[in-house]
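The values are calculated or read from the model by the stated rules, or taken from the named source; none is laboratory data. Predicted model only: the values in this text are computed from it and were never measured. Here the Cβ positions follow ideal geometry from the backbone for every residue, glycine too, while neighbour counts run over all protein chains shown. Ligands, DNA and RNA are excluded from the accessible area calculation, which covers all protein heavy atoms including side chains. Shrake-Rupley method; radii C 1.70, N 1.55, O 1.52, S 1.80 Å.
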Amino acid sequence: SEMCIRDSQNAIRSLENPRLCCHPSIGCDPDHYSNLYRGPLDNGGVHHNNGVANHAFYLLIEGGTNRTSGRTVAGLGPGGREKAERIFYRGFTAFLTPSATFRDARIATIRAARELYGEAEAAQVAAAWAAVGVE
């Protein structure tokens, strides 16, 4: 099974640093699109590769710098968690199809941010996705 090594806790994901969660056959969860797993395990990495979207979501809320790209995002701040949740939920449920790509997810969440809140939030969503290599 997949485990994260973080502060002596066992978890299956880290949004802050997806690379802490590693599987012996696949490797560590990617924090950047350039590091996607493209092999046959995990149905091509369907669960493993969610580190990219997870980290974009984290950066949207907390801000910070992606360890792979070095790109920094201001983020919405801890008080923006509910906004981020609504943005990603609406983007993923209203605008994505079963064959959606990471780029489709970026477009969908930017659209959701714009519709729900406005241009400032949409810009932060775009910055978060750019930091994880999805432009």
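Scan the range 18-39 and report the pairs whose first residue is in contact (Cβ under 8 Å) with a residue 60 or more places away in the chain and closer than 13 Å to Asn54 by Cβ and whose second residue is assigned to a loop (DSSP other than H, G, I, E, B) and among the basic types (Lys, Arg), with Cβ atoms within less than 9 Å and a gap of 6+ or a chain change.
Asp31/Arg67; His32/Arg67
Please verify whether the range 35-50 includes one or more residues that are part of a loop (DSSP other than H, G, I, E, B) and among the hydroxyl-bearing types (Ser, Thr, Tyr).
Scanning the range 35-50, I find at least one residue that is part of a loop (DSSP other than H, G, I, E, B) and among the hydroxyl-bearing types (Ser, Thr, Tyr), so the answer is yes.
Can you pull out the residues in the range 59-75 that are touching a residue at least 12 places away in the same chain (Cβ under 8 Å), open to solvent by 40 Å² or more (accessible area, probe 1.4 Å) and assigned to a loop (DSSP other than H, G, I, E, B)?
Residues satisfying the conditions are Arg67, Thr68, Ser69, Arg71, Ala74.
Among the residues of the range 77-88, are any more than 30 Å from Pro24 (Cβ to Cβ), touching a residue at least 60 places away in the same chain (Cβ under 8 Å) and in contact with a helix residue (DSSP H, G or I) (Cβ under 9 Å, 6 or more places away or on another chain)?
Scanning the range 77-88 turns up no residue that is more than 30 Å from Pro24 (Cβ to Cβ), touching a residue at least 60 places away in the same chain (Cβ under 8 Å) and in contact with a helix residue (DSSP H, G or I) (Cβ under 9 Å, 6 or more places away or on another chain).
Is it the case that Ala120 is part of a helix (DSSP H, G or I), modelled with pLDDT of 95 or more and open to solvent by less than 10 Å² (accessible area, probe 1.4 Å)?
On the way: part of a helix (DSSP H, G or I): yes; modelled with pLDDT of 95 or more: yes; open to solvent by less than 10 Å² (accessible area, probe 1.4 Å): no.
Here the answer is no, as Ala120 does not meet what is asked.
Test Glu115 against the stated conditions and say whether it is modelled with pLDDT of 95 or more, open to solvent by 30 Å² or more (accessible area, probe 1.4 Å) and closer than 21 Å to Ile12 by Cβ.
Spelling it out, it is not the case that Glu115 is modelled with pLDDT of 95 or more, open to solvent by 30 Å² or more (accessible area, probe 1.4 Å) and closer than 21 Å to Ile12 by Cβ.
Output the residues belonging to the range 3-22 that are crowded, with 18+ Cβ neighbours inside 10 Å and at pLDDT below 85.
Within the range 3-22, Cys4 is the sole residue that qualifies.
Tell me the residue from His48, His32 that is open to solvent by less than 60 Å² (accessible area, probe 1.4 Å) and under 11 Å from the mean Cα position of the chain (by Cα), please. Reasoning before the result, please.
On the way: His48 fails: under 11 Å from the mean Cα position of the chain (by Cα).
On inspection, the qualifying residue turns out to be His32.
Working carefully through the options Ala128, Ala113, Ala56, Ala84, find the one that is in contact with a His (Cβ under 9 Å, 6 or more places away or on another chain), among the aliphatic types (A, V, I, L, M) and in a helix (DSSP H, G or I).
Ala128
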